[in-house]
Amino acid sequence: MPGPANPRLPAVFRRRPRWYNRPDMAKRFTLAEAQGLIPTVDRLLHEAVDAKGEYQHAEQAIHEFTEHVMMMGGVMVDRDRALNARARRDDAASRLRECIEAVLETGCLLKDLDIGLVDFPTLFRGVEVYLCWKLGESGITFWHGVDEGFRGRKPIDQDFLDHHQGDRPQ
């Protein structure tokens, strides 16, 4: 069972998606299935990165406003500016959460939003491994073991193509 959510993240991101840890959400992909999802995952990741940037910008505006209030003792405070920044932050957080949940609901694993790193579970010779894709790559051309991570990426070769499998049709 995974550990607790990262306490350094804002509370809005610490909440687990409602489907988190559901056993029926586990999915294994063929290379073709994973490749077919790349356009959707690419779009969602771009939207998530944009929302994260907007969130961070609004959070910085709130921080600067708070510092200004503390220095000035609350005199001549532009409350509307602060409320606007908070609304922008909350909207960006909601959009970011929705994008991340949409990516995860495809069955793939979002490993690093900042670089757009996504893994797609598959089986290779009966062992679970990950098809690995990074934002900006034209398609999935690498795989790695579940404990190897990005640095352990290996090119997909004919042996992999001949001996990997996704879920069996039910």
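The values are calculated or read from the model by the stated rules, or taken from the named source; none is laboratory data. For clarity, every value in this text was computed on a predicted model and none was experimentally measured. Please note: Cβ atoms are built from the backbone with ideal geometry, for glycine as well, and neighbour counts cover all protein chains shown. Surface accessibility is based on the protein's heavy atoms, side chains included, excluding ligands, DNA and RNA. Shrake-Rupley method; radii C 1.70, N 1.55, O 1.52, S 1.80 Å.
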Fill in the blank from the handout: Listed by first then second residue, the pairs whose first member lies in segment 79-99 and is farther than 13 Å from LEU113 by Cβ and modelled with pLDDT of 85 or more, whose partner is hydroxyl-bearing (Ser, Thr, Tyr) and open to solvent by less than 50 Å² (accessible area, probe 1.4 Å), with beta carbons under 7 Å and at least 6 positions apart or on separate chains, are ARG89/TYR55; ALA92/TYR55; ALA93/TYR55
Handout entry: In segment 99-115, residue farthest from GLY36 (Cα to Cα) [restricted to those that are open to solvent by 30 Å² or more (accessible area, probe 1.4 Å) and among the β-branched types (Val, Ile, Thr)]
Key = ILE115
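Rundown of residues vs (1) of a type outside the set (D, E, K, R); (2) touching a Pro at 6+ places or on another chain (Cβ under 6 Å); (3) in a helix (DSSP H, G or I); (4) open to solvent by 70 Å² or more (accessible area, probe 1.4 Å), yes/no style:
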site: ALA32; (1), (2), (3), (4): yes, no, yes, yes
site: VAL41; (1), (2), (3), (4): yes, no, yes, no
site: LYS52; (1), (2), (3), (4): no, no, yes, no
site: ILE62; (1), (2), (3), (4): yes, no, yes, no
site: THR66; (1), (2), (3), (4): yes, no, yes, no
site: ARG89; (1), (2), (3), (4): no, no, yes, no
Practice task
Could you list all residues from segment 16-44 that are over 25 Å from VAL127 (Cβ atoms) and either modelled with pLDDT under 50 or of a type in the set (A, V, I, L, M) (or both)?
Solution key: ARG16, PRO17, ARG18, TRP19, LEU44
Fill in the blank from the handout: Among residues of segment 48-78 being among the small types (Gly, Ala, Ser) and under 30 Å from LEU117 (Cα atoms), the residue modelled with the lowest pLDDT is ALA61
Problem - Given (1) touching a strand residue (DSSP E or B) at 6+ places or on another chain (Cβ under 6 Å); (2) open to solvent by 70 Å² or more (accessible area, probe 1.4 Å); (3) of a type in the set (A, V, I, L, M, F, W, C), number of the condition MET71 does not satisfy - result: (1)
